[in-house]
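To start, the structure under review is shown below, and the notes come after it.
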4 protein chains.
Amino acid sequence: MSARRRLRMGMVGGGPGAFIGAVHRICLAMDGEFTLVAGAFSSDPEKSRQTGAELGLEPARVYGSWEEMAAREAALPAEVRIDAVSIVTPNHVHHGPAIEFLRRGFHVICDKPLTTDSRRAAQMAAAVRKSKRVFALTHNYTGYPMVREARELVRGGKIGQVRKVYAEYLQGWLADPLEKSGQKQASWRVDPKRSGPGGSLGDIGTHAFNLLEHVTGQRVKRLYGKRSSFVPGRKVDDDAMVLLELGGGGNGTLCCSQVCVGEENGLRLRVYGTEGGIEWHQHHPNDLKIYWKDRAPEIRRAANGYLTPSARSLARVPPGHPEGYLEGFANIYRAFARAIRGQKDIEDSFPTVQEGVRGVRFIEAVIASSRRKSWVGLR
Amino acid sequence: MSARRRLRMGMVGGGPGAFIGAVHRICLAMDGEFTLVAGAFSSDPEKSRQTGAELGLEPARVYGSWEEMAAREAALPAEVRIDAVSIVTPNHVHHGPAIEFLRRGFHVICDKPLTTDSRRAAQMAAAVRKSKRVFALTHNYTGYPMVREARELVRGGKIGQVRKVYAEYLQGWLADPLEKSGQKQASWRVDPKRSGPGGSLGDIGTHAFNLLEHVTGQRVKRLYGKRSSFVPGRKVDDDAMVLLELGGGGNGTLCCSQVCVGEENGLRLRVYGTEGGIEWHQHHPNDLKIYWKDRAPEIRRAANGYLTPSARSLARVPPGHPEGYLEGFANIYRAFARAIRGQKDIEDSFPTVQEGVRGVRFIEAVIASSRRKSWVGLR
Amino acid sequence: MSARRRLRMGMVGGGPGAFIGAVHRICLAMDGEFTLVAGAFSSDPEKSRQTGAELGLEPARVYGSWEEMAAREAALPAEVRIDAVSIVTPNHVHHGPAIEFLRRGFHVICDKPLTTDSRRAAQMAAAVRKSKRVFALTHNYTGYPMVREARELVRGGKIGQVRKVYAEYLQGWLADPLEKSGQKQASWRVDPKRSGPGGSLGDIGTHAFNLLEHVTGQRVKRLYGKRSSFVPGRKVDDDAMVLLELGGGGNGTLCCSQVCVGEENGLRLRVYGTEGGIEWHQHHPNDLKIYWKDRAPEIRRAANGYLTPSARSLARVPPGHPEGYLEGFANIYRAFARAIRGQKDIEDSFPTVQEGVRGVRFIEAVIASSRRKSWVGLR
Amino acid sequence: MSARRRLRMGMVGGGPGAFIGAVHRICLAMDGEFTLVAGAFSSDPEKSRQTGAELGLEPARVYGSWEEMAAREAALPAEVRIDAVSIVTPNHVHHGPAIEFLRRGFHVICDKPLTTDSRRAAQMAAAVRKSKRVFALTHNYTGYPMVREARELVRGGKIGQVRKVYAEYLQGWLADPLEKSGQKQASWRVDPKRSGPGGSLGDIGTHAFNLLEHVTGQRVKRLYGKRSSFVPGRKVDDDAMVLLELGGGGNGTLCCSQVCVGEENGLRLRVYGTEGGIEWHQHHPNDLKIYWKDRAPEIRRAANGYLTPSARSLARVPPGHPEGYLEGFANIYRAFARAIRGQKDIEDSFPTVQEGVRGVRFIEAVIASSRRKSWVGLR
């Protein structure tokens, strides 16, 4: 493996106080696939420099803006410049840097939701197509081994034809007007200018939606949604509930909420088919409950030899040594790295710009349905 | 307690092969409040006699029809005739005997749903009012100690103002056309002539609905529903999903299904308020999970001294000795007995004809909403 | 079934304030097998009369002592006198009435532990043999459907040869000197004159021991034990831990404690063989976890069609409607009734005087080992 | 933070096929505290080179033996040579390199158990003392946030005086003679020359022992143990069970097994005091169950604001995003780094050579007790 080298990564966003930037940094490094060498960590150049220094980056590779970073990195010699960029900014600053870095020939891995509206989403999809570069979207929950096992079982027909889907993502952290306290996360996530029109929908609803389509391999074709803003004065939804119909004839519900006091990151998926069902919950991510028609339910556990090869490949440690959020997230980075290296490996997968486009359409469809009080089709 | 005697009970329905009749018989006897002394166990007089003999009843008190039973029991001396009747027939045979026995001065305890349509439901409510007799409806899940604890907490304001409710009752037993096999339960439950127009809605949806209103103390004021019949040829719904709004400003979902393969009797309720939340699931009925805003969640367990007096009063054995479905069901019977005896006890409660009326309206509202594809108000 | 009649039961013990007497009364009546018609409920005749009146018994059948009851009932006509007696007194009052009622030709069902020492235990076993009557011991946990399933699997060789057993019964109710408060249960259970020399050992240790031998079908052949009395001034053990060796070559631990604060009735059994393992806990008694060597663990659930016929036969309601402590206890009564009626049914079973003898020997062996600090054989 | 630089790490062991070496590499890098720059990855120089190449190390820093590495690294300029070394070899190759690297002034982090016997353990402790360097032992389970919370509660007296401890570590992977298949892990772990005399005791029993002393803050002062080798021909124990007495007056059991089929890495700790208790299980490591005397049990969850500062400091992501084995392990590395940097931080801690010495004494004491069949004191 002499030819292998660590890929050089740059980062847009992830400055002081950012939660998700730190997560991305741990995950890109976890498997030795990437080294962070450059960044435009904040729209405030001073903060960007500060973060770069804390991370031990060469000062010359720490930039005051993503525009500067794109231009300067592209001008560096091939053996020095970054291979890829990780975009971890608020939602309204995904579109610009993603298109620019792609245009300049860099691979891009971008936080979700893809962007704030479907027009921009389409532009990003076009940019990916044109660039022939790898674009990954960090719908990180698809990186959990037991989500992969669920997908293999459901797509492989093991539970028969899908009839019912119940997806939910429940949080409680915005039950009070936390945004008024100046808490950074809360502030931008409930500001439609930065988060887009969907609050809970964009932040967590799209995760549940992506998980549902990822595991079933089916598309939501129509939905009926109702959005709520329970906290007075809040400009975006902090709760939504959606009835949905799948392309294959099944139907179900998707609920997301940020006002369910006591819920942490309660992402749960249940799928029932004609022969069985699956149930998964993020809080105990290494367990997958499987229901069967005439047999007792099973609890499959991560890393065991009895899993599908695809699920097994996502584990780093033996059964019973739990892996969690960071490892699942890192699985997206690992797959992204392999795609950059040109590996063809059916066991690997990561969410692409297409999943991102669908996520944005989902937000818009729920908003439209909630406004019109009618079912809305989803392209 | 010299004045106390066991109350004499008659039964309508509960002949050979009936599941719920046997349950009622265990539960009426559990606390020594009632003795079964008479019955019209089947519309087939021979089957009625057979069941009566198996139960060791006096042959003279075993009747060939409920009409005969009502007339003949009423003619018996006061110290011999039944005090109350338990109606455990299919849904379409609740209305007739309930009104007749009430009219003749008997107390009535009746299986749910109350009846097949709201016109009949109103007639039954009127009959109760006029009779001045006790009428109880066996929405038995309200008899679980930890459901009671949840009600006390939620109604007592401990979790603040209710914002979100998620109720569900998932089964898998009708995932295949079991009714074609001649299975007795399945046959009548999917026959609209006997079950009424709501299949899963009547059988289990009304339980979830009742539980939701029971615990929150709020009324569903509007709903949007979608019914499905997944099994080809089935004439009633085997699945429904409902968006709902509560009188107090909260909202939520209610899902019921009989095609979720592997689910047994998955009745679950979650309620979130501004200060906390509760979660309960029938499969582990002695646990109540309580979420708090700034504290760790608790798991309250049945029969403990730290529970509310009301919840504590529903337990028969010490903490850690699990009580289940039959004990919860028997709690309804015990409360019914106490009401007949004229005891005034705030700790006691049981579902009444009013809850029954609401259940029937709920079924009709979901059917109407599902047909019209619009939100429907619920009186 | 015309020949069938309810069996007539008498009770010794179970007067005011007794917990277990009330349990026995619910359980004997649950399946319509027995009717309670007589009793000597207390050594205080007035209290006995009071309980008899509360239960609605004929005053003539309520006795001031068990000796009187045995003599007078035996003198009644065969079609009136009791068939069997239920002994629910403190441990030191099992031996006397059991032998006397057996001698007079009554069937006996007796609470555990059998008695206070092995000499008396042997006398009771001899009395049973001589009487040719049915004698059942209410090691009630063997009546749980999923304990039965575990037994069928383990004895049937499904988990291979048993290597490891971990049995435990943890409570916390005696963590403080509750006996000084006058609490009735606590008072006699920590009084060696009434409970025998083993406190926690007799009260709960024997249950864990019985469960272990019941499920494995093997005998503990040797043990090393250590008893403790954590609460100052307590005269019996409130905690014990035991290493044990099984006849079949396996070994394991048995722990019982009444000072584990917060534990309710934490009876748990785990058994591991060469091919799999089982795990059961009373708090969720309808679940049985089964481990397999090369497959995912299963969670078998009570009442399902996939269970062994023996386990299935112990359920009264459909899957997902939980049954609990009372139902498991009632299964012992039902099996006792069937034995009295002479039914031969391999699906039935109940603990006999032999299990009782072993339980007493177990207590004595742990006490001896703890004193001598050496391994002690168990006959 | 301009003065901060990544610490340079070397590794001894961790060549092809080693599980734990890969774990150490992920964990040392997770928080950006260390960079791996050198290694003697195998006693086979070719394998060492191969691993070094795969990891992208400079060939000059990849050595054919740890002796060579120690000598050559010590000779490098201070700004180039490693700061610390991570020893991840089989147990019999801890002692040599640890002493040598310490002697040459390097900090050392070493896998557990410390070494194969207490004489060597004492030599290592002396070497640490003399060197004035930081020495950490990767009893990694102490790095879990909720283990830390348990420690804070128990040591802080929140559950009162400790009475009972139940520690267990159950696995099933050695239920068959896997060592005969040539599986690398199995081979050395059951070879007393490489693992030391304790098989399961050294591999997992020491973890349970360390966890127990870590959380309670008490020392085991006496024990009675029984070792077993269930698999024919196995030269070390694959199972042990131990009764133990704590310095503070409590007692309990410790069980470890590698033949419990179906168990993965079932490390569980329960501690009960006079006022409450705690329960933790590795499979769901972000949950800590806490029992209270007169209140309902709590489930505290990692990363929440209601935790003790010490426990909170160990989380990298918000509540509900599970962290696992690698993150807990990385917490040891992070604390090690901080100690090297001279930070004084009461929130930090890691197991030291003293815990290692105790672990070796524990193994020897169980072996002695098992042989002599008597209680053995533990220094």
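The values are calculated or read from the model by the stated rules, or taken from the named source; none is laboratory data. All values derive from a computational prediction rather than experimental measurement. Ideal geometry is used to build each Cβ from the backbone, glycine not excepted, and the neighbour counts take in all protein chains shown.
Quick look at the values:
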quantity: Subset of segment D:285-340 (residues that are within 21 Å of A:V317 (Cβ to Cβ) and of a type in the set (D, E, K, R)); calculated: D:D287, D:R316, D:E323, D:E327, D:R334
quantity: Scan of segment D:167-183 for residues that are closer than 22 Å to D:G17 by Cβ and either part of a loop (DSSP other than H, G, I, E, B) or within 11 Å of chain C (Cβ to nearest Cβ) (or both), ordered by number; calculated: D:Q171, D:G172, D:W173, D:L174, D:A175, D:D176, D:P177, D:G182, D:Q183
quantity: Flag for B:K132 being closer than 30 Å to B:G105 by Cβ and away from chain A (no Cβ under 14 Å); calculated: yes
quantity: Among (1) in contact with a Gly (Cβ under 8 Å, 6 or more places away or on another chain); (2) more than 14 Å from chain B (Cβ to nearest Cβ); (3) farther than 30 Å from A:R133 by Cβ - the single one A:D287 does not satisfy; calculated: (1)
quantity: Number of positions in segment B:61-87 that are within 22 Å of B:A337 (Cβ to Cβ), of a type outside the set (G, A, S) and surrounded by 16 or more Cβ atoms within 10 Å (Cβ to Cβ); calculated: 9
quantity: Test: residue in segment B:166-180 that is more than 30 Å from B:I278 (Cα to Cα), in contact with a helix residue (DSSP H, G or I) (Cβ under 6 Å, 6 or more places away or on another chain) and surrounded by fewer than 24 Cβ atoms within 10 Å (Cβ to Cβ); calculated: yes
quantity: Top-ranked residue of segment D:261-275 - restricted to ones that are assigned to a strand (DSSP E or B) and not small (G, A, S), ranked as nearest to the other protein chains (Cβ to nearest Cβ); calculated: D:Y272
quantity: Search result, residues across segment B:88-101 that are surrounded by fewer than 24 Cβ atoms within 10 Å (Cβ to Cβ) and either among the aliphatic types (A, V, I, L, M) or part of a strand (DSSP E or B) (or both); calculated: B:V93, B:I99
quantity: Qualifying positions in segment D:1-58 - part of a loop (DSSP other than H, G, I, E, B) and of a type in the set (K, R); calculated: D:R4, D:R5, D:R6
quantity: Pairs, first within 17 Å of A:R72 (Cβ to Cβ) and outside the structural domain of A:C27 (by TED's automatic domain parsing) in segment A:95-121, second in a helix (DSSP H, G or I) and among the β-branched types (V, I, T), C-beta under 9 Å, six or more apart; calculated: none
quantity: C:I278, sole failed condition from (1) β-branched (V, I, T); (2) surrounded by fewer than 23 Cβ atoms within 10 Å (Cβ to Cβ); (3) within 14 Å of chain D (Cβ to nearest Cβ); calculated: (2)
quantity: Whichever residue in segment C:26-60 is within 14 Å of chain B (Cβ to nearest Cβ), closer than 27 Å to C:R4 by Cβ and small (G, A, S) and, among such residues, is surrounded by the fewest Cβ atoms within 10 Å (Cβ to Cβ); calculated: C:G56
quantity: Residue, surrounded by the fewest Cβ atoms within 10 Å (Cβ to Cβ), within segment C:1-25, restricted to residues that are among the β-branched types (V, I, T) and within 11 Å of chain B (Cβ to nearest Cβ); calculated: C:I20
quantity: Residues of segment C:158-179 classified as free of Cβ contacts under 8 Å to residues at least 40 places away in the same chain and either farther than 30 Å from D:W292 by Cα or not assigned by TED's automatic domain parsing to the domain that holds C:W280 (or both), total; calculated: 0
quantity: Residue ID - farthest from the other protein chains (Cβ to nearest Cβ), chosen from residues in segment D:347-368 that are under 23 Å from D:N286 (Cβ atoms) and more than 12 Å from the chain's Cα centre (by Cα); calculated: D:S349
quantity: Residue within segment B:104-127 that is closer than 30 Å to B:N286 by Cα, at pLDDT 95 or above and within 14 Å of another protein chain (Cβ to nearest Cβ) present; calculated: no
quantity: Tally, over segment B:49-60, of residues that are touching a residue at least 12 places away in the same chain (Cβ under 8 Å) and in contact with a helix residue (DSSP H, G or I) (Cβ under 9 Å, 6 or more places away or on another chain); calculated: 6
quantity: Residue match in segment D:230-244 (condition: surrounded by fewer than 20 Cβ atoms within 10 Å (Cβ to Cβ) and either at the interface with another protein chain (Cβ under 7 Å from one of its Cβ atoms) or in contact with a Lys or Arg (Cβ under 6 Å, 6 or more places away or on another chain) (or both)); calculated: no
quantity: Per-region count, segment D:32-50, residues of a type outside the set (D, E, K, R) and under 24 Å from D:R334 (Cβ atoms); calculated: 8
quantity: Residue within segment D:294-314 that is closer than 30 Å to D:Y224 by Cβ and at the interface with another protein chain (Cβ under 9 Å from one of its Cβ atoms) present; calculated: no
quantity: Test: D:A315 is in contact with a Leu (Cβ under 9 Å, 6 or more places away or on another chain), under 22 Å from B:R300 (Cβ atoms) and of a type in the set (G, A, S); calculated: no
quantity: Count of residues meeting criterion [of a type in the set (V, I, T) and part of a strand (DSSP E or B)] in segment A:149-166; calculated: 2
quantity: Filtered residues of segment A:232-273 (kept if small (G, A, S) and closer than 19 Å to B:V231 by Cα); calculated: A:G247, A:G248, A:G249, A:G250, A:G252, A:G273
quantity: So B:E264, is it under 23 Å from D:A303 (Cα atoms) and not aliphatic (A, V, I, L, M); calculated: no
quantity: Positions within segment B:270-287 being within 17 Å of B:G143 (Cβ to Cβ), touching a Pro at 6+ places or on another chain (Cβ under 9 Å) and touching a residue at least 40 places away in the same chain (Cβ under 8 Å), in sequence order; calculated: B:Q282, B:P285, B:N286
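Residue-by-condition table, conditions (1) crowded, with 24+ Cβ neighbours inside 10 Å; (2) without any contact (Cβ under 8 Å) to a residue 60 or more places away in the chain; (3) in contact with a Gly (Cβ under 7 Å, 6 or more places away or on another chain):
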{"residue": "C:N304", "(1), (2), (3)": "no, yes, no"}
{"residue": "C:A311", "(1), (2), (3)": "yes, no, no"}
{"residue": "C:G320", "(1), (2), (3)": "no, yes, yes"}
{"residue": "C:Y333", "(1), (2), (3)": "yes, no, no"}
{"residue": "C:F336", "(1), (2), (3)": "yes, no, no"}
{"residue": "C:P351", "(1), (2), (3)": "yes, no, no"}
{"residue": "C:E364", "(1), (2), (3)": "no, no, no"}
{"residue": "C:W375", "(1), (2), (3)": "no, no, no"}
{"residue": "C:L378", "(1), (2), (3)": "no, no, no"}
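Conditions tested, residue by residue: (1) more than 10 Å from chain D (Cβ to nearest Cβ); (2) outside any loop (DSSP other than H, G, I, E, B); (3) without any contact (Cβ under 8 Å) to a residue 12 or more places away in the chain; (4) over 28 Å from D:K293 (Cα atoms).
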{"position": "C:V147", "(1), (2), (3), (4)": "yes, yes, no, yes"}
{"position": "C:Q185", "(1), (2), (3), (4)": "yes, yes, no, no"}
{"position": "C:P197", "(1), (2), (3), (4)": "yes, no, no, no"}
{"position": "C:D203", "(1), (2), (3), (4)": "yes, yes, no, no"}
{"position": "C:A208", "(1), (2), (3), (4)": "yes, yes, no, no"}
{"position": "C:L223", "(1), (2), (3), (4)": "yes, yes, no, yes"}
{"position": "C:R227", "(1), (2), (3), (4)": "yes, yes, no, no"}
{"position": "C:G249", "(1), (2), (3), (4)": "no, no, no, yes"}
